[in-house]
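Read through the structure below, which is laid out as structure tokens, and then see the notes.
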Amino acid sequence: MTIKYCSWATGDDTTGNGSNTLPYKTINKASSGLTGGDEVRVEKSPDPTALTGTVGFTLNSTAVTGSGTLFTTELVIGDFILAPDGQYYEVIALVSDTSATLYKKYPSASISGYSSKKLGVTDTGASALNTTSIQIVSSSGTSSAFLYISGGWDLSTEMQTGQTYFRQMHGTFSNRYGYGLYLSGKAYTNIARLHFLRYNTGIYYSSSKNNTCTSPTCNSNGWGIYYTGSSNDNTCTSPTCNSNTYGIYYVGSSNNTCTSPTCNSNTYGIYYSSSNNNTCTSPTCNSNNSGIYYTTSNNNTCTSPTCNSNTYGIYYGSSNNNTCTSPTCNSNSIGIYYTTSNNNFIYGTLSTMGNSSGAIFWNSCYNYINKASLAESTKVTGFTYYNGGYLYINDMNGQSYIYTDNGNIVTQNATAGGTGREWKFSPTNAIRNSVYPLCLPIARFAVASSGQVTITAYFKKSGTGVAGALRCRYGQIAWSDAAHDIVSNCPDDTSRNPVTLQFTPTEAGVVEVEALAWYVSSTTNTVIVDDITISQS
């Protein structure tokens, strides 16, 4: 095993030899020529230093208020200070000794009287361009052994006693240029205790696979961690990516795993674009525009996300077959947002509270929620007329709900004279007329190739402003009846009436029967359907 040391502050890529006494300057040089089982050790940054006095932070505010503090003496713009949630936040204005301003809003609970610290950093100077690579990983490991690259090393003792925080300070303060650490076409690297602040991109993976990164902090960048160009099968554990434009960004990259990321106060917490089969476990994505954002991304899995105080908690745009388990989406504008996204599943329990424009936005296609606890009065919003899709919630307060455009269907305990549960159909707009009724398959059953089939269900209308019917669609199997759908309408009264539909098959097969309800003159009348029986003579 070969070990090489590097120190941005004291090393030299020309005169150094990679020893702890004559380190190289850059990871580029230190990793050159290495392979699996070898190691790059990066000098640690100065330890954090305590600030005088105590500090107060306010939820969703950039203001920091001190008591007995000396901000103008102990801090400079671009420093990072420790907050009560355990994260470091960049200071971009020093108003007075007791007043400072953060780069992004503080995403956690308000607190005062907190003893803060200033982060010790290793400055890498000003990058000339967005795409300048400040540090580069020059080699790969192997499938049997990683190339290890880690920070936090005390070169005098050769002991790992801290962390390495690289920071770019540009002459134009708002410029966040360069790639803090760049990997192109690299594989089987293991990165730990290395952190990147104020770059265009903190850590950039391009066409790189099977890499591991542990507990990186990538704050106040354009992109915290960026995967592109089929950067597949990478693993990242406990990253902190706050106050970026994109916390963690996947584009055209699949089969990656991310565990316990913290992505707060970004524009997008975690962003998937044309990226499939990725797994994310226990992400915290608060105070972003979108906590987790999927666009044209399919078959991804997310477990136990917390997405609070965003505009959109979790956003699905043209993304299908994704799975999310037990999400918590509170105090957003919208908790879960679906647009032209189909066959996405939420398992466990979806918990929402305080989403100002509704718990769920949905405008088309078919999506499924196993169980939901939705505290908002507006449960589902955003329907598009004539979209033909359904949002299914299997269990909400013990009932099953189906939401569709301008209507909904819900189970409830029997109220109309039947037994057990009943379905209640509610057309809420005149567009839900006889041409475009609410429709629910209520039975699917096998039939023999002869003998009359009889289906009876009981209908009860709350008023004559709605209509109801049973329907069996033509073409499912061959039958001797007329070559069109078979429909049997509910009587035009408010009694509980049996509605019977009959047909005679001429081949064996499986048949589905539907219950319908539609607007006649009222958007508040409902139709209850219960107690179905099926027989064949």
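The table that follows gives values for the structure above.
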read-out	value
From Tyr103, Tyr188, residue being in contact (Cβ under 8 Å) with a residue 40 or more places away in the chain, within 32 Å of the chain's Cα centre (by Cα) and over 15 Å from Val76 (Cβ atoms)	Tyr188
Residue match in the range 1-15 (condition: assigned to a loop (DSSP other than H, G, I, E, B), crowded, with 16+ Cβ neighbours inside 10 Å and of a type in the set (Lys, Arg))	no
When residues of the range 228-247 are limited to those that are buried (at least 24 other Cβ atoms within 10 Å of the Cβ) and free of Cβ contacts under 8 Å to residues at least 40 places away in the same chain, the one nearest to Gly269 (Cα to Cα)	Tyr246
Wholly enclosed strands (runs of 3 or more DSSP E) of the range 41-159 bearing at least 2 residues β-branched (Val, Ile, Thr)	54-57, 63-67, 88-96, 133-136
Residues that are assigned to a strand (DSSP E or B), under 18 Å from Ser434 (Cβ atoms) and touching a residue at least 40 places away in the same chain (Cβ under 8 Å), drawn from the range 445-490	Phe459, Lys461, Val466, Ala467, Gly468, Ala469, Leu470, Arg471, Cys472
Selection within the range 46-78 - under 33 Å from the mean Cα position of the chain (by Cα) and closer than 20 Å to Gly151 by Cα	Pro48
Failed item, numbered, when Asp493 is tested on (1) of a type in the set (D, E, K, R); (2) in a loop (DSSP other than H, G, I, E, B); (3) touching a strand residue (DSSP E or B) at 6+ places or on another chain (Cβ under 6 Å); (4) modelled with pLDDT of 95 or more	(3)
Qualifying residues in the range 178-212 (those that are among the aromatic types (Phe, Trp, Tyr) and in a strand (DSSP E or B)) - the one nearest to Trp153 (Cα to Cα)	Phe196
Test result for Ile442, β-branched (Val, Ile, Thr), part of a loop (DSSP other than H, G, I, E, B) and touching a residue at least 12 places away in the same chain (Cβ under 8 Å)	no
Candidates Thr124, Thr172, Thr142, Thr132, filtered to the one that is farther than 21 Å from Ile248 by Cα, in contact with a Gly (Cβ under 6 Å, 6 or more places away or on another chain) and not basic (Lys, Arg)	Thr142
Any hit, the range 358-381, residues being of a type in the set (A, V, I, L, M), part of a strand (DSSP E or B), more than 13 Å from the chain's Cα centre (by Cα) and surrounded by fewer than 19 Cβ atoms within 10 Å (Cβ to Cβ)	no
Cβ pairs under 8 Å, 6+ apart, first in the range 345-365 and under 23 Å from Asn406 (Cα atoms), second in a loop (DSSP other than H, G, I, E, B) and among the aromatic types (Phe, Trp, Tyr)	Trp362/Phe383; Asn363/Phe383
Test for Tyr226: is it assigned to a strand (DSSP E or B), within 18 Å of Cys302 (Cβ to Cβ) and of a type outside the set (D, E, K, R)	no
Check on Gly36, at positive phi and assigned to a loop (DSSP other than H, G, I, E, B)	no
Tally of residues being crowded, with 24+ Cβ neighbours inside 10 Å and more than 15 Å from Tyr366 (Cα to Cα) across the range 325-345	5
Residue check for Thr124: touching a residue at least 24 places away in the same chain (Cβ under 8 Å), closer than 22 Å to Leu197 by Cβ, surrounded by 19 or more Cβ atoms within 10 Å (Cβ to Cβ) and hydroxyl-bearing (Ser, Thr, Tyr)	yes
Options Glu376, Glu422; residue that is among the acidic types (Asp, Glu) and more than 27 Å from Cys324 (Cβ to Cβ)	Glu422
Hits in the range 273-287 (condition: more than 11 Å from the chain's Cα centre (by Cα) and without any contact (Cβ under 8 Å) to a residue 60 or more places away in the chain)	Ser273, Ser274, Ser275, Asn276, Asn277, Asn278
Only listed residue being more than 34 Å from the chain's Cα centre (by Cα), small (Gly, Ala, Ser) and surrounded by 18 or more Cβ atoms within 10 Å (Cβ to Cβ), chosen from Ala430, Ala416, Ala448, Ala443	Ala416
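Here's the yes/no breakdown for (1) of a type in the set (Val, Ile, Thr); (2) under 42 Å from the mean Cα position of the chain (by Cα); (3) part of a loop (DSSP other than H, G, I, E, B); (4) not assigned by TED's automatic domain parsing to the domain that holds Val453:
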position: Val499; (1), (2), (3), (4): yes, no, no, no
position: Gln502; (1), (2), (3), (4): no, no, no, no
position: Glu507; (1), (2), (3), (4): no, no, yes, no
position: Val511; (1), (2), (3), (4): yes, yes, no, no
position: Ala517; (1), (2), (3), (4): no, yes, no, no
position: Ser522; (1), (2), (3), (4): no, yes, yes, no
position: Asp530; (1), (2), (3), (4): no, yes, no, no
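Residues are listed down the side, and each one gets a yes or a no for (1) touching a strand residue (DSSP E or B) at 6+ places or on another chain (Cβ under 6 Å); (2) under 25 Å from Pro48 (Cα atoms):
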position: Ile149; (1), (2): yes, yes
position: Thr157; (1), (2): no, yes
position: Thr161; (1), (2): yes, yes
position: Gly185; (1), (2): no, no
position: Thr189; (1), (2): yes, no
position: Arg198; (1), (2): yes, yes
position: Ser207; (1), (2): no, no
position: Trp223; (1), (2): yes, yes
position: Tyr227; (1), (2): yes, no
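The values are calculated or read from the model by the stated rules, or taken from the named source; none is laboratory data. For clarity, every value in this text was computed on a predicted model and none was experimentally measured. A quick note on method: Cβ atoms are made from the backbone with ideal geometry, for glycine too, and the neighbour counts reach across all protein chains shown.
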